[in-house]
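The values are calculated or read from the model by the stated rules, or taken from the named source; none is laboratory data. Everything numeric in this text was worked out from a predicted model, so none of it was measured. Glycine gets a Cβ as well: all are built from the backbone with ideal geometry, and neighbour counts include every protein chain shown.
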Amino acid sequence: MTSQTPASAERSILDAVMAGNLRQAGRLISRVEAGDTSVAPLIAALEEKRRTTPVVGITGPPGAGKSTLLDGLICHLRASHLRVAVLAVDPSSPFTGGAILGDRIRMGRHAADSGVFIRSMASRASLGGMAVAAGDALTVLAALDFDWIFIETVGVGQNEVEIVDHADTVVVVVTPHSGDAIQAVKAGVLEVGDVYLVNKADTGAAQRTVSALREALHRGAEQARWLPPILSAEAANGVGLDAVLAALRQHRDYLASNPDEFSAREQHRMRIRLERLVLAEVEQRLHRPGPLRDTLDHWLGEAAQKRCSPRVAAAAIINTLGITGE
Amino acid sequence: MSTIKIRCMLAMLGTDVHSKGIRTLAQVLRDEGVEVIYLGEHNTAESLINAILSEDPDVLGLSFSTSTYIHYTRDLLDKMRAAGVGDVPVMLGGLIHPDDEDALRELGVKGIFGPGSVTRDIVEFLVSVTGKPLASQRATAP
């Protein structure tokens, strides 16, 4: 795929990961998260080994029951002896960069199950950094022997929406208290779903929320090849999870039988991934010592002395990247 | 901004449910820029080892408020070594009696923070045992 080939030490890591050594897989994900650029050949090699494991994104507001839903879905899948990997993303503090990653607690039933691989990731503040790390982490997991991969994020911002862009199927989880029909048509997280789930259906007027979502999402979309199912469930009580799994399988089959749609998604996913990789690299170069940071510092001086506007300075910095034509 | 973070896994073993201390520590560490993988109560040696494999923490912190900590710690460290994750440093906090510290260190415990410990000590231990900087230190670095 590239001219880069892993060195021998990396080769043995690759072999270990491919042989199912979960610790090496966990460590590789740590290197990806730390922005270690030396993993590039390894990730490229794993990309070649990528299986067609379905990747399901689960997103929704905090407290909607995403981890609890996952816990229930994992139970169902494990009952069929299917192996499951989970990337659970929790927000980082924008002030300190720290995080409390607590999603594993909701999935405690599977804590000692070697057929379930749960990795917690902090969203971190870096522009695109998380999406890059999540993409590479998914590459690691997709090269391993899993039957389903889930990625769970709090759906509150652009970063999180981009993370679920890595998924083949996106489940948006809301609750009966998630707001009325006006909220339902707000742009953003509610536009990304392939499956919608009104969770905690025992706590309120779930049917009204289902109706509001149906009104918002199905109206005018009757001709669509995939009409997102709108389901309700009580994940904590294990109610309605069969229908969720059935919808996930249906969507997987839909993609398999609509290769044009699937490849359009692949294309979109690859575009997002490339954009994020480029942005992350530029961001890193702005911060670490080198020509781009020198240029930034130079123009920072100019702008700070009010000898030019920030826009002029930014355009000059962009020019040094060799990008012209605009 | 560098993306190197200390990843610290915090957990309690067995039937010990006095989690106030470990929950407070989780928040303190978050505020220091640490990524805390919080596992709460009711863990077993097996579940912690499974979590270490996938989460790759730099440190495992256990809190005890019952007197059975030597038994639990020995069992855990034996199983960690057998599973090939014996290199992950383990620290203990909570109601650890000073008389037990030598025995615990002999078992392989790297950090002990009993009654009277301050969170600053724990943070400094994390920095020294991981060799990684804190986010708060990095913010002031040139």
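Quick look at the numbers
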{"read-out": "Residue match in the stretch B:91-111 (condition: among the β-branched types (Val, Ile, Thr), over 19 Å from A:ALA112 (Cα atoms), out of contact with any Pro (no Cβ under 7 Å at 6 or more places or on another chain) and surrounded by fewer than 16 Cβ atoms within 10 Å (Cβ to Cβ))", "value": "no"}
{"read-out": "Residue match in the stretch A:285-292 (condition: without any contact (Cβ under 8 Å) to a residue 12 or more places away in the chain, surrounded by 15 or more Cβ atoms within 10 Å (Cβ to Cβ) and in contact with a helix residue (DSSP H, G or I) (Cβ under 7 Å, 6 or more places away or on another chain))", "value": "yes"}
{"read-out": "A:VAL198 vs. criteria over 22 Å from the mean Cα position of the chain (by Cα) and crowded, with 19+ Cβ neighbours inside 10 Å", "value": "no"}
{"read-out": "Number of the condition not met by B:SER65 [criteria: (1) within 13 Å of another protein chain (Cβ to nearest Cβ); (2) modelled with pLDDT under 95; (3) in contact with a Gly (Cβ under 6 Å, 6 or more places away or on another chain)]", "value": "(1)"}
{"read-out": "Considering residues of the stretch A:266-284 that are touching a Leu at 6+ places or on another chain (Cβ under 8 Å) and touching a residue at least 60 places away in the same chain (Cβ under 8 Å) only, the residue surrounded by the most Cβ atoms within 10 Å (Cβ to Cβ)", "value": "A:ALA280"}
{"read-out": "Search result, residues across the stretch B:61-76 that are crowded, with 17+ Cβ neighbours inside 10 Å and either assigned to a loop (DSSP other than H, G, I, E, B) or in contact with a strand residue (DSSP E or B) (Cβ under 6 Å, 6 or more places away or on another chain) (or both)", "value": "B:GLY61, B:LEU62, B:SER63, B:PHE64, B:SER65, B:TYR72"}
{"read-out": "Helices (runs of 4 or more DSSP H) within the stretch A:1-119 that include 3 or more residues more than 10 Å from chain B (Cβ to nearest Cβ) and either among the aromatic types (Phe, Trp, Tyr) or surrounded by fewer than 20 Cβ atoms within 10 Å (Cβ to Cβ) (or both)", "value": "A:8-18, A:40-48, A:66-79"}
{"read-out": "Residue satisfying all of: in the stretch B:28-55; at the interface with chain A (Cβ under 8 Å from one of its Cβ atoms), within 15 Å of the chain's Cα centre (by Cα) and part of a strand (DSSP E or B); surrounded by the most Cβ atoms within 10 Å (Cβ to Cβ) among these", "value": "B:ILE37"}
{"read-out": "Hits in the stretch A:120-132 - residues which are modelled with pLDDT of 85 or more and facing another protein chain (nearest Cβ under 8 Å)", "value": "A:SER120, A:ALA122"}
{"read-out": "Count of residues meeting criterion [farther than 21 Å from B:ILE49 by Cβ and either without any contact (Cβ under 8 Å) to a residue 60 or more places away in the chain or within 11 Å of the chain's Cα centre (by Cα) (or both)] in the stretch B:107-122", "value": "10"}
{"read-out": "The listed residue being assigned to a helix (DSSP H, G or I) and either modelled with pLDDT of 95 or more or among the charged types (D, E, K, R) (or both), out of A:GLN250, A:GLN207, A:GLN284, A:GLN267", "value": "A:GLN250"}
{"read-out": "In the stretch B:14-23, residue nearest to the other protein chains (Cβ to nearest Cβ) [restricted to those that are in contact (Cβ under 8 Å) with a residue 40 or more places away in the chain and surrounded by fewer than 24 Cβ atoms within 10 Å (Cβ to Cβ)]", "value": "B:SER19"}
{"read-out": "Boolean, B:ASP58 is over 14 Å from the mean Cα position of the chain (by Cα) and under 24 Å from A:ALA111 (Cβ atoms)", "value": "no"}
{"read-out": "Test for B:ILE122: is it closer than 18 Å to B:LYS20 by Cα, touching a helix residue (DSSP H, G or I) at 6+ places or on another chain (Cβ under 9 Å) and among the hydrophobic types (A, V, I, L, M, F, W, C)", "value": "yes"}
